[in-house]
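A short worksheet on the structure shown next.
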Amino acid sequence: MSVIADPIIDPKRALRAARIAEFKSFARRFARNPLGMVGLIIVIALLVCAALAPILATHDPYLPALSDRLAAPGAEYWFGADELGRDIYSRIIFGSRLTLLIVALVIVTSAPVGLVIGAIAGNYGGWVDRIFMRITDVFLAIPKLLLALAFVAALGPGIVNAALAITLTAWPPYARLARAEALIVRNSDYVNAIRLAGASDFHIIVYHIMPMCLSSVIVRMTFDMAGIILTAAGLGFIGLGAQPPLPEWGAMISTGRKFIFDQWWVATVPGFAIFIVSLGFNLLGDAMRDLLDPHLRQRR
Amino acid sequence: MNAPVHPALRIIFGIASWLLTVAITLLGLAALTFFIGRVLPIDPVLKIVGEKASPEVYQRVFLELGLDKPLWQQFWEYITKILRGDFGTSFSTTRPVLTDLLNFFPATLELSTLGLLLGVVLGVPMGVASAYWHEKWPDHLIRIVGLIGYSVPIFWLGLVGLFVFYYRLGWVSGPGQLDVFFVGVVDRWTGSILIDSALQGEWEIFFNAISHMTLPTILLGYYSLAYISRMTRSVMLDQLTREYVLTARLKGASEFRVVMGHALRNAAIPLVTVIALSYGGLLEGSVLIETIFSWPGIGNYIYSSLFAADMNAVLGGTLLVGVVFVFLNMLSDVLYRTLDPRSR
């Protein structure tokens, strides 16, 4: 891309070149943030673990070996074995898939729902806005973990129900974000222009309001992922998340709880996994916010 | 609002609209628990009569619970019952849920209040230091401490803490509120074990209780410290760049006076909001902590009710914590408005 495209002759190519340049400068600034890089590496490692789980694991995560019950960490079982003699290392590797599954389920449901509600509320204003925001406030005012807990208790435990319950508590911040952006965008000149040109509300919301929310939503999502992982682990620990024999990290801590004093590794190691992964998302979120947040960006 | 409005009238308007907001939020909360309890696919009748009940018994209980009535009427009855303090009966303890909740709530309140105190006493100075030495090593250190607090699963930290400080080192007592032989010795006056034992002069029990609650309190304190120090930092960073700080420095005020006397005083107002909010977060965090430490509070009650499939108790507990949560939110709002002269 050494030739700079003439934006008038070839607008598409110029746009693409500008995007690539923007991305490059973004990547360069990101690389200067050491903590952000650590976060990125952790998240990539999680993705690699999930993708290559069968190759990375040394044992079958479900196959009991009763002669090796609660074996201490060593050459055979790197992180020890659990109460059924299953290799904890392999279970953690496979557990990364469950963690990612829950996070993905919650994010792909809660962010769009929140975005749509917020964008509609902000775009129409008036009583639509008031009703939607009142509903949002009610959900925001309720303790998240408890609501999720009560919801799963009624629906029945399970990984999908847990994700559903977390979604129920996770969408309101997105609605707030989208509404705030929509209120600004709604009265801007270019939206008025496109409205005069005959664009429908649907068109304005989808093509003009939602894209404006993206950068704040991405920052919010990265932070949220850490919170989702912790809530999901909490539900798993209580026994309402993934059910045995699934190697969900929170549930693994819960079974290891009985052996905490004599076989500490059963509960401790999965906790480290949760901690490191959620730390990774938090670090990444911090770095992303520094780079993407329009308010912070102006200050530099 | 061009016409001059009498100040008293404006205050009344303000209070009225605020009360309306609280009422609507609480109604929404009740609607949620109602929805969870009634509309979701569990059969409340089967839960009472059991699988093997005859159709006549089933039908009788069905009518007794009012399940034949339209949904809005059921909801209305639910609301009026709640307003009368009737949360239903707990299947597992066979007592009214409200009695149980009032029984267990003081213990939760005690633990989370102490946790909050710890979080404020440590978190605010940490946040101030972090903002003062912005981007220097104290800032990095404090931010990392906070970040770990954000990322660590608190129930796991509780288990590890028990393993290290109770089992290995023996510095603190294990799960429970008191050693077994002390349980039931102190009469219940306020429900707070520290206050009760101190008032009754049972100092041995007092110190035993302290040794039991040290670890959970520190954990909850750490949990709130992470949030409080982060928010203090961002508020203080904003204040320290203001011009009045420069003015104070120019007229020769000491650095301590500039930071503590000028900047922190201005930061205090948003911080009150932050602290009220983190109190709500602690009430929730104590659910998991209480189950780890067998602390006889609301969290433990909800947890054990879950396994008895005792939805009345679970929803009652959720509702209670939710109401406290809503009130803390509202309180922080009111405090902000009354403390900040600009928003009056």
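The values are calculated or read from the model by the stated rules, or taken from the named source; none is laboratory data. Everything numeric here is computed off the predicted structure, so don't read it as measured data. Positions of Cβ are generated from backbone atoms using ideal geometry, with glycine treated the same way; all protein chains shown enter the neighbour counts.
Kindly indicate whether any position in the stretch A:277-300 is within 11 Å of chain B (Cβ to nearest Cβ), among the small types (Gly, Ala, Ser) and over 19 Å from the mean Cα position of the chain (by Cα). No.
Would it be correct to say that A:Ala111 is surrounded by 19 or more Cβ atoms within 10 Å (Cβ to Cβ), assigned to a helix (DSSP H, G or I) and in contact with a Ser or Thr (Cβ under 6 Å, 6 or more places away or on another chain)? So that I can check it myself, show each step before the final result.
Working: surrounded by 19 or more Cβ atoms within 10 Å (Cβ to Cβ): yes; assigned to a helix (DSSP H, G or I): yes; in contact with a Ser or Thr (Cβ under 6 Å, 6 or more places away or on another chain): no.
It is false that A:Ala111 is surrounded by 19 or more Cβ atoms within 10 Å (Cβ to Cβ), assigned to a helix (DSSP H, G or I) and in contact with a Ser or Thr (Cβ under 6 Å, 6 or more places away or on another chain).
Checked against (1) modelled with pLDDT under 85; (2) in a loop (DSSP other than H, G, I, E, B), A:Leu246 passes all but a single condition, namely (1).
If you go through the stretch A:62-77 and keep only what is over 21 Å from A:Gly250 (Cβ atoms), hydrophobic (A, V, I, L, M, F, W, C) and surrounded by 15 or more Cβ atoms within 10 Å (Cβ to Cβ), you end up with A:Ala65, A:Ala71.
In this structure, B:Ala253 does not satisfy being in contact (Cβ under 8 Å) with a residue 12 or more places away in the chain and either of a type outside the set (Phe, Trp, Tyr) or crowded, with 18+ Cβ neighbours inside 10 Å (or both). Figure legend. Inter-residue proximity from the stretch A:15-41: first residues under 19 Å from A:Val219 (Cβ atoms), second residues assigned to a helix (DSSP H, G or I) and of a type in the set (Gly, Ala, Ser), beta-carbon distance below 7 Å, spacing 6+ or different chains. Indicated pairs: A:Phe30/A:Gly36; A:Phe30/A:Ala287; A:Asn33/A:Ala287; A:Leu35/A:Ala287; A:Gly36/A:Ala287; A:Met37/A:Ala31; A:Gly39/A:Gly280; A:Gly39/A:Ala287.
Scanning the stretch B:165-211 for residues being surrounded by 12 or more Cβ atoms within 10 Å (Cβ to Cβ), touching a helix residue (DSSP H, G or I) at 6+ places or on another chain (Cβ under 8 Å) and under 30 Å from A:Arg257 (Cβ atoms) gives a total of 23. Of the set (1) part of a loop (DSSP other than H, G, I, E, B); (2) touching a Ser or Thr at 6+ places or on another chain (Cβ under 7 Å), all apply to B:Trp189 but (2).
Number of residues in the stretch A:136-179 that are within 20 Å of the chain's Cα centre (by Cα), more than 9 Å from chain B (Cβ to nearest Cβ) and of a type in the set (D, E, K, R) equals 1.
Within the stretch B:80-105, count every residue that is assigned to a helix (DSSP H, G or I) and among the aromatic types (Phe, Trp, Tyr).
Start the filter on the stretch B:80-105 by keeping residues that are assigned to a helix (DSSP H, G or I), which leaves B:80-83, B:97-105.
Filter again for among the aromatic types (Phe, Trp, Tyr), leaving B:104-105.
Residues in the stretch B:80-105 being assigned to a helix (DSSP H, G or I) and among the aromatic types (Phe, Trp, Tyr): 2 in total.
Quickly run through the stretch A:248-269 and pick out the residues that are within 19 Å of the chain's Cα centre (by Cα) and facing chain B (nearest Cβ under 9 Å).
As a first pass, look at the stretch A:248-269 and keep what is within 19 Å of the chain's Cα centre (by Cα): A:248-250.
Once the filter is applied, which keeps residues that are within 19 Å of the chain's Cα centre (by Cα) and facing chain B (nearest Cβ under 9 Å), the stretch A:248-269 yields A:Trp249, A:Gly250.
Close contacts from the stretch A:52-64, counting a first residue that is polar (S, T, N, Q) and a second that is surrounded by 15 or more Cβ atoms within 10 Å (Cβ to Cβ) and in a loop (DSSP other than H, G, I, E, B), with Cβ to Cβ under 8 Å and a gap of 6+ residues or different chains, come to A:Thr58/A:Trp78. The residue that is nearest to the other protein chains (Cβ to nearest Cβ), counting only those in the stretch B:47-79 that are assigned to a helix (DSSP H, G or I), at pLDDT below 75 and closer than 14 Å to B:Asn312 by Cα, is B:Lys47.
For the stretch A:126-226, which helices (runs of 4 or more DSSP H) that fit wholly inside it have 1 or more residues that are over 26 Å from B:Ala309 (Cα atoms)?
Working: elements: A:126-140, A:144-155, A:159-170, A:172-186, A:189-196, A:201-204.
Hits in the stretch A:126-226: A:126-140, A:172-186, A:189-196, A:201-204.
In the stretch B:108-146, the qualifying residues are those that are away from chain A (no Cβ under 14 Å) and assigned to a loop (DSSP other than H, G, I, E, B), and the one that is nearest to B:Leu271 (Cα to Cα) is B:Trp133.
Would a scan of the stretch A:43-61 turn up a residue that is more than 20 Å from A:Pro247 (Cα to Cα) and either buried (at least 18 other Cβ atoms within 10 Å of the Cβ) or of a type in the set (A, V, I, L, M, F, W, C) (or both)? Yes, some residue in the stretch A:43-61 is more than 20 Å from A:Pro247 (Cα to Cα) and either buried (at least 18 other Cβ atoms within 10 Å of the Cβ) or of a type in the set (A, V, I, L, M, F, W, C) (or both). Looking at the stretch B:19-28, is at least one residue at pLDDT 80 or above, away from chain A (no Cβ under 14 Å) and outside any loop (DSSP other than H, G, I, E, B)? Among the residues of the stretch B:19-28, at least one is at pLDDT 80 or above, away from chain A (no Cβ under 14 Å) and outside any loop (DSSP other than H, G, I, E, B), which makes the answer yes. Being outside any loop (DSSP other than H, G, I, E, B), within 10 Å of chain B (Cβ to nearest Cβ) and hydrophobic (A, V, I, L, M, F, W, C): is that true of A:Leu230 here? Here the answer is yes, as A:Leu230 does meet what is asked.
What number of residues within the stretch A:234-264 are touching a residue at least 60 places away in the same chain (Cβ under 8 Å), surrounded by 22 or more Cβ atoms within 10 Å (Cβ to Cβ) and under 17 Å from B:Gly158 (Cα atoms)? Going through the stretch A:234-264 one residue at a time, the tally reaches 7.
Within the stretch B:147-163, the residues that satisfy the criterion of being part of a helix (DSSP H, G or I) and facing another protein chain (nearest Cβ under 9 Å) are B:Leu147, B:Ile148, B:Tyr150, B:Ser151, B:Ile154, B:Phe155, B:Trp156, B:Leu157, B:Leu159, B:Val160, B:Leu162, B:Phe163.
Residues being of a type in the set (Gly, Ala, Ser), farther than 23 Å from B:Thr99 by Cβ and outside any helix (DSSP H, G or I): count how many of those fall in the stretch B:192-201. Total satisfying the criteria: 1. Can you confirm whether the stretch B:295-302 contains a residue that is at pLDDT below 85 and surrounded by fewer than 24 Cβ atoms within 10 Å (Cβ to Cβ)? Looking for residues that are at pLDDT below 85 and surrounded by fewer than 24 Cβ atoms within 10 Å (Cβ to Cβ), one finds none in the stretch B:295-302, hence no. Residue count for the stretch B:317-336 satisfying the condition of being at the interface with chain A (Cβ under 10 Å from one of its Cβ atoms), touching a helix residue (DSSP H, G or I) at 6+ places or on another chain (Cβ under 6 Å) and among the polar types (S, T, N, Q): 1.
Among residues of the stretch B:299-316 that are more than 9 Å from every other protein chain (Cβ to nearest Cβ), those with a Cβ under 6 angstrom from a residue that is aromatic (Phe, Trp, Tyr) and surrounded by fewer than 24 Cβ atoms within 10 Å (Cβ to Cβ), sequence gap 6+ or separate chain, pair up as B:Tyr301/B:Phe104; B:Asp310/B:Phe91; B:Gly316/B:Phe87.
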